[in-house]
Amino acid sequence: MNHVRLLLWKNWTLRKRQKVRVIVEILWPVFIFMGLVWLRRAYPLYQQHECHFPNKAMPSAGVLPWIQGIFCNANNPCFRYATPAEATGVVSNYNNSILARFYADSQELLFRGTEFQQLGRLWQEASSFSNFMDTLRKDPGRASGRGLKIDDILKDDEILTSFLLRDAGLSDSVVNQLTNALLRVEQFVHGVPDLTLKEIACSQTLLEHFFIFPGQRGAQGVRHAMCALPQQRLQKIEDKLYANMDFFKLFKLLPTVLDAHSSGIDLHFWGHVLSMVSEKIQELLNRPSSRELLRALSPIFQDGGPSSPSQLVSIVSDLFCGYPDGGGSRVLSFNWYEDNNYKAFLGLDSSRRQGSHSNKDPMATPFCNTLMQNLDSNPVTKIMWNSVKPLIMGKILYSPDAPVVHKILKSANSTFEELERLRNMAKAWEEVGPQLWQFFQDSVQMNMIRDTLRNPAVMHFLDKRLEDTQFTTKHILNFLHSGCEDRYEDMPNFDWRNIFNLTDQGLRMFVKYSECVNLDKFVGYTDEEQMSHEALYLLEENKFWAGLVFLDLYPWTKELSHHVKYKIRMDIDAVERTNKIKDRYWDPGPRADPMEDQRYIWGGFAYLQDMIEHGILKLQTHEDQPLGVYVQQMPYPCYVDDMFMLTLNRCFPIFMVLAWIYSVSMMVKSIVLEKEMRLKETLKAMGVTNGVIWSTWFLDTFLMMTTSTALLTAIIMSLLSPVAFGFGTEYISSYEEQGLGLQWDNISTSPLEGDEYSFLNSIHMMLFDSFLYAFLAWYFDNVFPGQYGIGQPFYFPLQPSYWMSARCSHSHTVDLGNPFFEPEPEGLAVGVSVNDLVKVYAGSSKPAVDCLNITFYEASNLSGTTLPLKTKLPLETQEALLGI
């Protein structure tokens, strides 16, 4: 113990002389862990609320719910409270969307009302009137000799007759001929002729062209009387004619020219219905859903459209999804690197030929090829495109190519058939669109409607009906504006052409993008081997969705058995792997990452399974509309998401090494320096054993590291939560990450699935390492003591002489008569005492010095007066003493 105390005092004295080293040894671990403290503060604990996920519609639920679910659940949002579809009897999560609420309000105010149902009668009357006008244009001879009596289309309180008699100065016979004349309707099917009344009245041909008079003399009498009048009076007669004409009677009686039983158009009924509908529309526009719809669509109608793609996606999301503010949080997965999934994430899948995606697809349109090249050129969109390309452009292979399989796939293919019909309807716009434009722009019907609405009597009547609304007849005319005439003042620059152009752009864009979707997906092969060969080729092009193999069926099978067995073969990177049932590195949170955790859905496996099984059900049950399927992810309780601990879990061991690497390196330096300066050999010559030296170094380093650890613990305990920081190895961090912490009951178990190693094993290994390193230090220190030490042979642990002291057989009795022995001096303190010294040279079995005992006292000296003593000793003895 005296030796240990003296060595510790020696080391402490050296440390006091190296104050900087002491400060660094103590504060360096503190500095390292203060960085972790800062990271802890920078990334605090995140309290994640409980997660409720919207359900996912399968194709059997319908095309619209399926597409709506894909778009709205692309990032699988997490909501704090239960979603609507989790309630009993509810399957849709999108009833709160703008379009859904607007549709519900429209149903309540319009579609369920009697006024809206009466719009069907208006449509029938308009269709009949349009057919009547087409007939007159195509076959005007059918109305030959027929017409409308002018007196029948005048107002009941007309003043035209009195004006002609009193103010115009026409005779009774002329006025009677005019009012009883028939108006040739077929001459006005192309619009009102651009002729003045003077030109018509003075021409016998024009009079007979537009009117049918009761007799030949009647036409001549009217021509002579009317032509004699001045132009100003004739203009007044024309104005009075228009003012006294009853357009309600006109549209009511027009179809009777061809069919006496036709009812024509009842403008009074039209006015009543449109007035009631306008009130309902006004109420609908005051609903919050209408205001939100207009606000959401306003960026689309602005010049240039939405400012960015993200704004367009946000608009579509508000219209179709209607999620609460924030749209739900997204829960990320941190296990994406498992099982080489990072290769698929980075596009390094060896099953796909690199660079093949940049080649143009001969089956795609130029627009689609350009679009795909743009997607492949961006690293971010490339990852997304590689994931969805098999679903959009990929093929579904199947075997065997049997008649019964064709029946199954025909029933299963209903989803793609509906999408094909939708695309064909959009393509029909390419033919219908120009015709619709021509109809609204310059058709006879629309021109007549515009001319009718401009009539003062009609305009006055409609304005009275619309006086309780914000609209007038001028608003209707402004909406029907053709661009040729001037607009009314204070009217918005918005008409049917804006809606047409927007619809045209939307449908044409839909057609261009829909042409990039391959809807002819099913391709049959004779057997599974041929199918697999083609699948490998499609994999290189990333155009392989899946392969269907129907078992126990043959190419000639025509009937479906009651028990159908099939398997779905897919690319391993498109679905989750089957060599595990849990993540190896567990972290808190649900499996909610759409690209990694839900590959069976977004990879297309679940969609294909749903289509095939419903196809089988339709054949087995003979039901055309089986129930649709929605899949619902289980909710996940609230949890603590600690990004700091997740990161620390992977790098904490290196921090432990760095924290005390300076202390260890200084200790090694001191030990090496002690050997270089021959201090260790001096201590051994003074009787200090090797074990004492190493024990002292251990105690010295242990005390310094304990001091820094205590200071570090005090700082950490004052700044960090006990459960927020782990001490030790990676397993401590793993348990802390899981929120459990290392406990006595789990010290012998692993936090990793399928791992048999534990923290207790780590303790055992560290204890074993401690003994192993101590043994190695002891062994190499004896074999390689350095320049000034005496090394032991490599097999010295096997020598009995190392473990047992040499036994000398001679007597320790001093023979005073022998000149080689001196009596022990009295009163002197012993300085150096050598007992049983043995020296054996290499190559000789006889010891040169055999059991020499000699004592040196503090007052003695090997030189000077004791020189005779030295000369009396053998040379080998003198060399042995000098070695001491």
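A short reminder: the numbers here are calculations on the coordinates, not readings from a lab. Because the structure is predicted, anything quoted here is derived from the model rather than measured. Backbone-built Cβ (ideal geometry, glycine too); neighbour counts: all protein chains shown.
Length gained on full extension, E431 to E623, computed as 0.36 nm times the residue gap minus the Cα-Cα distance: 65.4 nm. Simple spin-label estimate for D401 and I790 gives 9.5 nm between the two label positions (7 Å along the Cα-to-Cβ direction from each Cα). A cut-off of 5 Å between modelled amide H atoms, ignoring neighbours fewer than 5 places along the same chain, links K149 with L183. Going by the alpha-carbon gyration tensor, a ≥ b ≥ c the square roots of its eigenvalues, is the range 532-594 rounded (a/c under 1.5) or, if a/c is not under 1.5, prolate (a/b greater than b/c) versus oblate? Oblate is the answer for the range 532-594, as a/c is 1.5 or above yet b/c matches or exceeds a/b.
Please compute the volume of the convex hull spanned by the alpha-carbon atoms of the range 585-704 and report it per residue in Å³. If you can, show how the numbers build up before the last one.
Numbers: hull volume 24.4 nm³, N = 120.
Convex hull volume per residue, Cα atoms: 203 Å³.
Remark on the range 142-294: Rg and Dmax equal 20.3, 69 Å (Cα only).
Provide the net charge surrounding L99, with neighbours chosen by a C-beta distance below 12 Å and charges set as Lys +1, Arg +1, Asp -1, Glu -1.
Computed value for this residue: -2.
Could you sort 264-276, 664-676, 538-550 so that the peptide with the highest average Cβ count within 10 Å comes first and the rest follow in order? Provide the component values of the computation, followed by the final result.
Details: 264-276: 17.5, 664-676: 14.4, 538-550: 21.0.
Descending mean neighbour count gives 538-550, 264-276, 664-676.
Taking each residue as 0.36 nm, the span from W586 to L703 lengthens on full extension beyond its C-alpha to C-alpha distance by 38.3 nm.
Seen from D610, the other residues with C-beta closer than 15 Å to its C-beta sum to a net charge of +1, counting Lys and Arg as +1 and Asp and Glu as -1.
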